[in-house]
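First the structure, in the form of C-alpha cells, and then the observations on it.
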Amino acid sequence: MESNQFLSSIIPHRLRGNAILYASTQIYIRCESYKNELPATLLIRGEIVMEGGVYSLLNPLVEAGLVNLRCLVEFLGVKRNSQNNTLADRKGRLDDVVIESFKYKDIPLSKVTPNGLCSVLDGHSPLIVNNAICHTLEMADKAIAHVTKVHNVTSTDLTQVAIASKCVETAVMTFLYDAMGLERPNIGVVAIAESAS
C-alpha cells in the first residue's frame, strides 16, 4: 500500500465528499422554509452549466456524501449494527484500507472505537453524536444503497446528518492526520453560512 497516495489524495477525496454532504445539509435547511422548490443553477467561472430545482441538484450530492461518510466511518473502525441500530467495531476485509493500515514511527494506528468516535466532537454529547451517526449510516444503508419500503427509514433528519458529518471530519483529522503528526489536508469545501433571502 502506498500510504502517501492515500494520505494526500484518496482520504482527502473522501473528506471532500463528506464536506459536500455537510454543505448540502446547510443549503437544504435554508431552503426548507419555502413552500415550493426553488430554482437553482450550477455555475463554473460564472457560466451556467446546469439548471434545475434546488433539491434535484442537491440530492445526488447528499447521496454521494452519505456514501463517503459511511466509507470514512468504516475506515476509522466503526460500523452500524443493523440488528439493533447501534454502533459497533467493524471487521475489515483483507483488501480494505483501514486506519490500522497506517503507521506512526513503525507502530500501526489504532482502530477507533464507537465511544472514541462519538466523543471527539466538541459541543455535542457522545449520545447525541451516536444517535446522529446511527441515523446517518442508516440513511446510507437503507435509503441509498438499497430500496426500502419502510418510509420512516428514508426520512432524513438533516440536523443529525450535519452532526455526523462534522464528527467524521474531526475524527479523521484527529485519529489519522494528527496521530501521525501530519498537517491536516485542506478540503477546499466551505458551507456558506449566510441565510437565504
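Could you identify the single residue in 63, 32, 74 that is modelled with pLDDT of 95 or more, under 19 Å from residue 139 (Cβ atoms) and of a type in the set (Asp, Glu)?
It is 74.
Which one of these does residue 106 not meet: (1) touching a Ser or Thr at 6+ places or on another chain (Cβ under 8 Å); (2) within 22 Å of residue 3 (Cβ to Cβ); (3) of a type outside the set (Gly, Ala, Ser)?
Failing condition for residue 106: (1).
Restricting to the range 1-49, give me the number of residues that are open to solvent by less than 70 Å² (accessible area, probe 1.4 Å) and in a loop (DSSP other than H, G, I, E, B).
Adding up the residues that qualify gives 2.
What is the residue count in the range 145-184 for residues that are surrounded by 10 or more Cβ atoms within 10 Å (Cβ to Cβ), assigned to a loop (DSSP other than H, G, I, E, B) and modelled with pLDDT of 95 or more?
Number satisfying all stated conditions: 4.
Residues of the range 82-91 being open to solvent by 50 Å² or more (accessible area, probe 1.4 Å) and not acidic (Asp, Glu), which ones?
Within the range 82-91, 82, 83, 84, 85, 86, 91 qualify.
Which of the following residues is open to solvent by 10 Å² or more (accessible area, probe 1.4 Å), within 22 Å of residue 6 (Cβ to Cβ), within 18 Å of the chain's Cα centre (by Cα) and aliphatic (A, V, I, L, M): 98, 73?
98
Looking at (1) touching a residue at least 60 places away in the same chain (Cβ under 8 Å); (2) part of a helix (DSSP H, G or I), which is the one condition that is false for residue 80?
Residue 80 satisfies every listed condition except (2).
Does residue 80 satisfy being basic (Lys, Arg), modelled with pLDDT of 90 or more, over 20 Å from the mean Cα position of the chain (by Cα) and farther than 21 Å from residue 180 by Cβ?
So residue 80 fails the test.
Out of the residues in the range 106-144 that are open to solvent by 60 Å² or more (accessible area, probe 1.4 Å) and among the acidic types (Asp, Glu), which is modelled with the highest pLDDT?
122
The values are calculated or read from the model by the stated rules, or taken from the named source; none is laboratory data. Please read these numbers as outputs of a predicted model, since none were measured by experiment. Here the Cβ is made from the backbone with ideal geometry for all residues, glycine too, and neighbour counts use every protein chain on show. When the accessible area is computed, the model is the full protein with side chains, heavy atoms only, and any ligands, DNA or RNA have been set aside. Shrake-Rupley method; radii C 1.70, N 1.55, O 1.52, S 1.80 Å.
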